[in-house]
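Asker: Structure incoming, see below.
Read the figures in this text as sums done on the coordinates, not as results from a lab. No experiment lies behind these values; they were computed from the predicted model shown. Note: ideal-geometry Cβ built from the backbone for every residue, glycine included; neighbour counts use all protein chains shown.
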Amino acid sequence: MINYVSTRGMEGSFSAAEAIVKGIADDKGLFVPTKIPALSVSFDELAKMTYQQVAKLVIGSFFSDFTSEEIDYCVDNAYDEKFEVPEIAKITKAGGANFLELYHGKTAAFKDMALSILPYLMTTSMKKLGVDKKVCILTATSGDTGKAALEGFAGVENTEIIVFYPKDGVSEVQRRQMVTQEGKNVHVYAIEGNFDDAQTGVKKLFTDNALKEELASKGYVFSSANSINIGRLIPQVAYYVYAYSRLVAAGDIEASDTINITVPTGNFGNILAAYYAMKMGIPVSKFICASNENKVLTDFFASGKYDIKRDFVLTNSPSMDILISSNLERLLYHLSSADELRKLMESLDSKGEYKVSDSIKAGLDCFYAGFADMDLTCDTIGKLYNKEGYLVDTHTAVAYAVCEQYKNETGDEKANVIASTASPYKFPRSVASSIGLNPEGMSDFECVEKLKEFTGVRVPKAIDGLESREVKHDKVFAKDKMLDAVEDALCL
Ligand SMILES: *Cc1c(COP(=O)(O)O)cnc(C)c1O
């Protein structure tokens, strides 16, 4: 049995179902597994398995309190025809790398990989625990997470989802994706304010006891689809195991050959999932952690000091514009202890920085970190397209650029898997200008059209025809009136 404990040392251990429903531990720590299960099949057997089979194996071994019927139900509902490729996560070779395309789900970004299964994990967990309540998910979004959560929860019984986005703080494509969302249980509101206002407002709602009581009397509990939920992290381990198995199946590597994995990193969830895959038994030599100009992590891996006292830069890879990478806490916990970790987190809260011990630093040896600035990101998109005919988005370009830096520095030519986290059509303006199309004066939708005409790359369903879809959500609330929005959504 694998149990879950808080990174900050709170008493008690929890089943996966309890950890998924709670989301975050009461001492504000993150739930971590007490041990990482070993892969129970050989690489040759893995190579014959489908994505769904690998996902069942991986998720089932971490969430050992779920029955195999429960795991089957969650996986089969999550990874089905709503993905636009039958292999769910597809590898494309280009420029000497294996791009693991994680963006063929409903919103064309990799968050779909986890958010299409989280609703099923959550409702199943509630049932297992005998909690006879409906879940109300509250999310503030700067763009991608909100839409992926809406698509994940839309139509899932016993759930309602409410998403708040900053009225002028998301791109036109992102806004249209959200306001055209269909489903009886989905609610989308614009907030007059920025992302921080929306986020702060949601935190307030979570701790509003009067509201909690009112909701409880109507049979609801609040939860969050935030990336620190263990129910989002573990499903991501599956695609790294799957990627390895595909390289074996294709004969690119021998079973048990070592590979490197490069991940464009924001909150550190995706790269931590790769680390968990290694701990399960996938042979990985280096985890290459790629950042944009918000390079807190690059500096951290170089010096052992995590320092957020710096300017926040708005870049062309906005999903990685982040200074506090929450999931790093889980890695540091695995390399030290709850006592040591609590001190580090207190230091981060009070001083905006912490420095790790030499023994933690030694454990970080399998990571290499680097960053790409906006110019290098655009150049990389241009080069990959012009030389290789392969079109990538800005986040994936950051990863490829840093992977190339690593190879040049070290001469390490091991097979490299690059997590490709978004469709190029999600960031059409930056991508169009990177390959020499001049997007000035064009709307985002015109950029999509132009990119399609010029490159012939298929537009994902998530974006195709978006501008003519019916708007279903047009309510705007002041930032101090978010409670009214919840009442509107749930008809309280
Ligand atoms: C969220 C996101 C990332 C960052 O992933 P983390 O798990 O937060 O490190 C990278 N690229 C895209 C497109 C994303 O949406």
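Asker: Near the amide H of Asp208, under 5 Å away, which other amide H atoms are found, from residues 5 or more places off or on another chain, if H is placed in the peptide plane?
Answerer: Those qualifying (amide H under 5 Å, at least 5 residues apart or on another chain) number zero.
Asker: While we're here: So what is log10(I(q)/I(0)) for the range 134-209 at q = 0.14, 0.16, 0.20, 0.23 1/Å, when the Debye sum runs over its Cα atoms only?
Answerer: Here the Debye-derived log intensity ratios amount to -0.40, -0.52, -0.80, -1.01.
Asker: Can you sort Ser64, Ser420, Ser336 so the residue with the fewest Cβ neighbours within 10 Å comes first?
Answerer: Least to most surrounded, the residues fall as Ser64, Ser336, Ser420.
Asker: Collect residues whose amide H, placed 1.01 Å from N in the peptide plane, falls under 5 Å from the amide H of Glu160; neighbours closer than 5 in sequence don't count.
Answerer: HN-HN under 5 Å from Glu160: Val135, Cys136, Ile137.
Asker: Which of rounded, prolate, oblate describes the range 84-177, given a ≥ b ≥ c as roots of the alpha-carbon gyration tensor eigenvalues and a/c under 1.5 marking rounded, otherwise prolate only if a/b is larger than b/c?
Answerer: Because a/c hits 1.5 or more and a/b fails to exceed b/c, the range 84-177 counts as oblate.
Asker: Would you please name the trypsin sites (Lys or Arg not before Pro) within the range 305-386 that are DSSP coil residues with at most 11 other C-beta atoms within 10 Å of their C-beta?
Answerer: Those that pass, being in a loop and sparsely packed, are Lys309.
Asker: What order do you get for Asp112, Asp72 when you list them from fewest to most C-beta neighbours inside 10 Å?
Answerer: Asp72, Asp112
Asker: Convert each backbone phi in the range 284-301 into a coupling constant with the Karplus relation 6.51 cos²θ - 1.76 cosθ + 1.60 (shift: θ = phi - 60°), then list the ³J(HN,Hα) values in order as whole Hz, x for Gly and Pro.
Answerer: Listing the rounded values in order: 10, 8, 10, 9, 9, 9, 9, 10, 9, 4, 7, 9, 3, 5, 4, 5, 4, 5 Hz.
Asker: Less than 15 Å apart at the alpha-carbon level, and either on another chain or at least 8 residues along: which aspartates and glutamates does that give for Lys127?
Answerer: Partners within reach: Glu18, Asp65, Glu69, Glu70, Glu157.
Asker: Considering the Cα positions of the chain, please state its Rg to one decimal place and its Dmax as a whole number of Å.
Answerer: 21.5, 63
Asker: What is the distance in Å between the Cα centres of the range 304-322 and the range 424-478?
Answerer: 26
Asker: By a straight-distance test (C-alpha under 17 Å), which aspartates and glutamates pair with Lys361 as possible cross-link partners, with residues fewer than eight away in the same chain excluded?
Answerer: Asp299, Asp307, Glu329, Asp339, Glu340, Glu353
Asker: Two-decimal Rg/Rh of the range 309-391 from alpha-carbon positions, Kirkwood Rh?
Answerer: Radius of gyration over Kirkwood radius for the range 309-391 works out to 1.11.
Asker: What is the Cα centroid distance between the range 16-38 and the range 41-118, reported in whole angstrom?
Answerer: 21
Asker: With runs of 4+ DSSP H residues as the only contributors, calculate the mean residue ellipticity of the chain at 222 nm using -39,500 (n - 2.57) per run, divided by the residue total and rounded to the nearest 500.
Answerer: Taken over the chain, the calculation gives -13000 deg cm²/dmol.
Asker: Right, here's the next one. Stretch Glu449-Asp484 to full length: gain in nm at 0.36 nm per residue minus the Cα-Cα span?
Answerer: Once the chain is fully extended between Glu449 and Asp484, it gains 8.7 nm.
Asker: Which of the three applies to the range 225-384, rounded, prolate or oblate, going by the alpha-carbon gyration tensor with a ≥ b ≥ c and a/c under 1.5 meaning rounded?
Answerer: It comes out oblate by the Cα gyration axes.
Asker: Beyond a 21 Å Cα-Cα separation, which of these cross-linked pairs lie in this structure: Lys387/Lys452; Lys128/Lys184; Lys82/Lys426?
Answerer: Table pairs above 21 Å Cα-Cα are Lys128/Lys184.
Asker: Okay, moving on. Net charge around Asn194, counting only other residues with Cβ within less than 11 Å of its Cβ (Lys, Arg = +1; Asp, Glu = -1)?
Answerer: So the surrounding residues net to -2.
Asker: Kindly put Tyr276, Tyr220 in sequence by how many other C-beta atoms sit within 10 Å of each C-beta, fewest to most.
Answerer: Lowest count first: Tyr220, Tyr276.
Asker: Continuing with the same structure: Given Lys111/Lys279; Lys35/Lys218; Lys22/Lys167, which pairs have Cα atoms separated by over 27 Å?
Answerer: Beyond 27 Å: Lys35/Lys218; Lys22/Lys167.
Asker: A further question on this structure: Given axes a ≥ b ≥ c from the Cα gyration tensor, I'd like to know whether the range 362-492 is rounded (a/c under 1.5), prolate (a/b larger than b/c) or oblate.
Answerer: oblate
Asker: Which whole-Hz ³J(HN,Hα) couplings does the range 260-277 yield from phi under the Karplus relation 6.51 cos²θ - 1.76 cosθ + 1.60, θ = phi - 60°, glycine and proline marked x?
Answerer: Listing the rounded values in order: 10, 10, 10, 9, x, 10, x, 8, 6, x, 5, 6, 5, 4, 5, 5, 5, 4 Hz.
Asker: So which aspartates and glutamates can Lys383 reach, going by Cα to Cα under 18 Å and dropping same-chain residues fewer than 8 places off?
Answerer: Partners within reach: Asp373, Asp375, Asp393, Glu404.
Asker: Quick one: Karplus J couplings for the range 104-114, per residue in order, coefficients 6.51, -1.76, 1.60, θ = phi - 60°, nearest Hz, x for Gly and Pro?
Answerer: Here the 3J(HN,Hα) series is 9, x, 5, 10, 6, 9, 5, 4, 4, 4, 8 Hz.
Asker: Express as a percent, rounded to the nearest 5, the fraction of DSSP beta bridges in the chain (both residues included) that run antiparallel.
Answerer: Once the DSSP bridges in the chain are tallied, antiparallel ones form about 25 percent.
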